[in-house]
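Enquirer: Structure in structure tokens, see below.
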Amino acid sequence: IAAGQAHNCGITNSGAVQCWGSNRSGQLGNGTTTSSASAIVNVTGLDSGVTAIAAGGDTTCALTAAGGVKCWGYNDVGQLGDGTTTQRLTPVDVSGLTSGVTEISVNARGACAMLSSGSVQCWGANEYGRLGDGTINTRLVPVSSIGVGPPTPTPTPTATATATATPSFVPIQAVAAGDFGGCLLTTSGTVRCWGGNAYGQLGDGTTTNRLTPVNVSGLSSTAVSISVGTFASCVVLTGGAVQ
């Protein structure tokens, strides 16, 4: 199940998606803007094959068994990732993410996806650097978070140029999108965050906004899961402690 601002969605045993609650922006995905307080409605076109669901604000996204992402609902800043700011009453494909995605996370103003390649791509509003791409530019289609993903192959030296160093690669196992930024969990159990940091929600010991991922400091042991809210972030550590 997933909960947005005023709506909820769930996946059935057969992989269908059903939603209920507010539908003012089409976030129930049934082709209408009629809210449904007394009945669960089926999401158009998603009657099977969905493996994960995520919601935030008035937007909902689904991850299919094929590794694709489909979103619907509110889209004023591109949080559906389809290259437009058009509200969608039924699911549409996120541009460039029709396969290869393993995890999705949605907030009120955008979303992030983790790919099987180990990279993270985000889309939507980008105030405070919440997409981690090194800018504050709104993105209507997914962009890669800097410093996260497979290394670029080292080019072959030529007579006039030498090979450049291969950028560092941080393999990840989870991603979480909050309202002002995001965090990722690496396979080694460290955590990196980016975006707005007015209340120290990036955990780097500062209140400085970060346009690209930075390391969270002070974790007493290896992290095993992460959760990001509006002004705070939390992790579960090995042994079950929470910081």
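Enquirer: How many of the residues making up region 63-73 are part of a strand (DSSP E or B) and either open to solvent by 30 Å² or more (accessible area, probe 1.4 Å) or over 20 Å from Thr86 (Cβ atoms) (or both)?
Expert: Result for region 63-73: 3.
Enquirer: On to the next question. Scan (1) within 24 Å of Asn215 (Cα to Cα); (2) outside any loop (DSSP other than H, G, I, E, B) for the single condition Leu131 breaks and write down its number.
Expert: (2)
Enquirer: Taking into account only those residues within region 162-177 that are assigned to a loop (DSSP other than H, G, I, E, B) and open to solvent by 50 Å² or more (accessible area, probe 1.4 Å), which is modelled with the highest pLDDT?
Expert: Pro171
Enquirer: Now for a separate question. Across region 178-213, what is the total count of residues that are in a strand (DSSP E or B), touching a Leu at 6+ places or on another chain (Cβ under 9 Å) and open to solvent by less than 30 Å² (accessible area, probe 1.4 Å)?
Expert: Matching residues across region 178-213 total 8.
Enquirer: Taking the options Thr138, Thr152, name whichever one is polar (S, T, N, Q), at pLDDT 95 or above and open to solvent by 30 Å² or more (accessible area, probe 1.4 Å).
Expert: Values: Thr152 fails: at pLDDT 95 or above.
From the options Thr138, Thr152, the qualifying one is Thr138.
Enquirer: Another one. Within 10 Å of the chain's Cα centre (by Cα) and either surrounded by 24 or more Cβ atoms within 10 Å (Cβ to Cβ) or in a loop (DSSP other than H, G, I, E, B) (or both): which single residue out of Ser99, Ser117, Ser95, Ser105 fits that description?
Expert: After ruling out the rest, the residue left standing is Ser105.
Enquirer: Limited to region 22-56, what total is found for residues that are part of a strand (DSSP E or B), closer than 24 Å to Cys112 by Cα and open to solvent by less than 20 Å² (accessible area, probe 1.4 Å)?
Expert: 4
Enquirer: Additional query: Given the conditions (1) assigned to a strand (DSSP E or B); (2) without any contact (Cβ under 8 Å) to a residue 24 or more places away in the chain; (3) hydroxyl-bearing (Ser, Thr, Tyr), report the number of the one that Thr60 does not fulfil.
Expert: (2)
Enquirer: Could you figure out which of (1) open to solvent by less than 50 Å² (accessible area, probe 1.4 Å); (2) modelled with pLDDT under 95; (3) not hydrophobic (A, V, I, L, M, F, W, C) isn't true of Ser220?
Expert: Every listed condition holds for Ser220 apart from (1).
The values are calculated or read from the model by the stated rules, or taken from the named source; none is laboratory data. Note that the structure is predicted; figures quoted are calculated from it, not measured. Backbone-built Cβ (ideal geometry, glycine too); neighbour counts: all protein chains shown. Heavy atoms of the whole protein, side chains included, go into the accessibility calculation; ligands, DNA and RNA do not. Shrake-Rupley method; radii C 1.70, N 1.55, O 1.52, S 1.80 Å.
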